[in-house]
1. Based on other C-beta atoms within 10 Å, arrange Ser366, Ser233 from fewest to most.
2. What is the extension gain from Arg268 to Ala381, computed as 0.36 nm multiplied by their sequence separation minus the C-alpha to C-alpha distance, in nm to one decimal?
3. In vacuo Debye scattering of region 67-124, one point per C-alpha: log10 I(q)/I(0) at q = 0.20, 0.23, 0.24 Å⁻¹?
4. Mind checking region 207-275 for GluC sites (Glu not before Pro) that DSSP puts in a loop (not H, G, I, E or B) and that have at most 11 other Cβ atoms within 10 Å?
5. Okay, helix-only estimate at 222 nm for the chain: each DSSP H run of n ≥ 4 adds -39500 (n - 2.57), divide by all residues, round to 500 deg cm²/dmol; what do you get?
6. Just the number, please: Stokes-Einstein D of region 118-199 in µm²/s, Kirkwood Rh from C-alpha pairs, 20 °C, 1.002 mPa s.
7. Between Rg and the Kirkwood Rh of region 135-250, both from Cα atoms, what is the Rg to Rh ratio?
8. Report Rg (one decimal) and Dmax (nearest whole number) for region 370-438, counting Cα atoms only, units Å.
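Computed from the coordinates by the stated procedures, all read-outs in this text should not be read as laboratory data. Fair warning: this is a prediction, and the values are worked out from it, not measured in the lab. All Cβ positions, even for glycine, are placed from backbone atoms using ideal geometry, and neighbour counts span all protein chains on display.
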Amino acid sequence: MIDIRDYRGKRVHMIGIGGSSMSGLVDFLLDEGCVVTGSDRAESHYVEALREKGVRVFIGQRAENVRGADLIVFSAAIAPDNPERAEAKRLGIPEMERSVLLGELMRGYGQRICVCGTHGKTTTSAMIGQVLTECGMDPSVHIGGQLDALGGGTRLGKRDAFVAEACEYHSSFLEMSPTVAVVLNIDGDHYDYYKDIDDYELAFRDFLERLPENGVAVGYGEDARVMRRFAESGRRCVTYGWSRVNDFAPENLAFNDFGCPSFDVLERGTPVAHLDLQISGDFSVLNALAAFAAARQAGAEPEAIARTLSRFAGVHRRFELTGVIDGVRMYHDYGHNPAEMRAAISVAKKQKANRVWAVMQPHTFSRVKNFFDEYLTCTKAADITLVTDICAAREKDPGDIHSGMLVEGMKAHGIDAHWTPSFDDTEAYLRAHWQKGDLVLTMGCGDINLLNEQMAKHGDTKDR
């Protein structure tokens with residue numbers, strides 16, 4: 001086993017350093033005294049921020065980039081035949097996958113709160129991180145997004161508590177050793193790695209087995225798969241959900257004109273706090289309850305938790321208002337599978353808007369194939385749907401699937417859908433057809449957020 005603390009003063013090279021998780025891990029490595037370099041496919045805001053910290057970042061992945069490195073860190077999306085990984089193997093440079101590094105960095109912390117699930121991981125882990133920070137617990141935090149209240153996606157704290165987003169892709173979360181495991185949902189995804197939903201669910205079983213005997217499992221009590229795994233875990237289980245049969249539940253729930261919920265929190269049937277959330281949607285209620293339950297296991301008091309959650313302003317790229325152009329409010333959401341897109345549109349429909357435009361960037365060919373039928377109806381609640389070309393990400397185009405097929409299927413389901421392959425095509429269509437008072441929601445975990453930035457640069461953007 002590689003101990004990252006043996007690499008103090010040595011060079012650690014990170015392949016794919018511009019990713020949200022990888023870039024966040026840089027702060028921990030620098031704090032450990034490592035010399036960090038890295039490479040990525042393209043320039044980005046993350047890369048710019050790393051350079052400001054003095055990190056050397058190569059654009060383009062080439063064999064020569066790793067020469068002279070003492071350790072290679074790579075993400076699960078970096079294949080073994082990547083030129084830098086291949087060269088590292090030839091030179092005998094040790095390698096460590098990103099999740100292994102995260103698990104290593106968590107060692108020695110008294111409380112290790114790990115948040116997993118198909119949807120909502122980043123927001124919920126961010127909520128918990130902000131709550132524990134503002135409650136004076138000084139946690140270390142690592143999430144797959146950017147939270148202004150934490151100054152980014154990473155926070156370095158004392159050894160008392162570590163809050164981390166636990167990703168199930170390639171079973172990465174099995175490298176962690178939680179004392180509190182938060183399971184938000186088990187809905188199925190990443191079928192380029194898992195065989196089917198049952199195989200996917202078994203990974204969560206294995207994750208819960210990582211809990212010590214005195215560990216705690218916190219989960220959504222109305223998800224049958226979650227509860228099945230809880231029943232088998234043999235660990236103490238705490239549930240949250242809509243019904244009062246859960247340990248934590250909402251009461252007197254109401255929504256304002258922007259879809260932001262307010263409610264009383266019941267803890268085992270007793271009202272303990274009131275929340276007025278600044279973020280929208282039904283799923284925000286569940287995420288807040290999950291964060292509330294987890295923070296209670298960490299020792300935070302109800303009123304202190306409620307004060308922070310009522311201030312929580314959301315993570316970037318999670319139903320984020322990016323600007324107003326020509327009287328049209330533009331939002332972006334990281335949702336990249338049909339369930340997440342449907343949820344994001346449900347939030348948009350709670351807003352005051354003339355028409356809701358759903359702009360979808362499908363993510364990876366394998367995901368589009370596996371969820372093809374679900375994609376055809378997930379934007380049905382929107383008034384108009386635009387579909388860009390598929391973001392290949394880590395995959396190669398197999399040549400047998402494209403966005404035009406999605407649009408054709410959407411139209412067959414009565415959706416007003418249009419194929420706008422590039423960002424320029426999408427911007428042109430929007431500007432030609434939108435009206436003042438409309439709402440545009442771009443969705444995807446690729447680079448579709450850059451469309452919002454592109455359009456902001458091309459037109460006057462006013463304050464909210």
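1. Numbers: Ser366 17, Ser233 20.
Sorted ascending by nearby Cβ count, the order is Ser366, Ser233.
2. Working: separation 113, 0.36 × 113 = 40.68 nm, distance 3.55 nm.
The Arg268-Ala381 span can extend by a further 37.1 nm.
3. Taking Cα atoms of region 67-124 as identical point scatterers yields -0.83, -0.94, -0.97.
4. Values: sites: Glu209, Glu213, Glu222, Glu232, Glu251, Glu267; in loops: Glu209, Glu213, Glu222.
Sites meeting the loop and neighbour criteria: Glu213.
5. Numbers: 15 runs with 153 residues, N = 464.
Helix contribution divided over all residues of the chain: -9500 deg cm²/dmol.
6. Numbers: Rh = 13.7 Å.
D, rounded to a whole number, is 157 µm²/s.
7. Details: Rg = 15.2 Å, Rh = 15.4 Å.
Radius of gyration relative to Kirkwood radius: 0.98.
8. 13.0, 40
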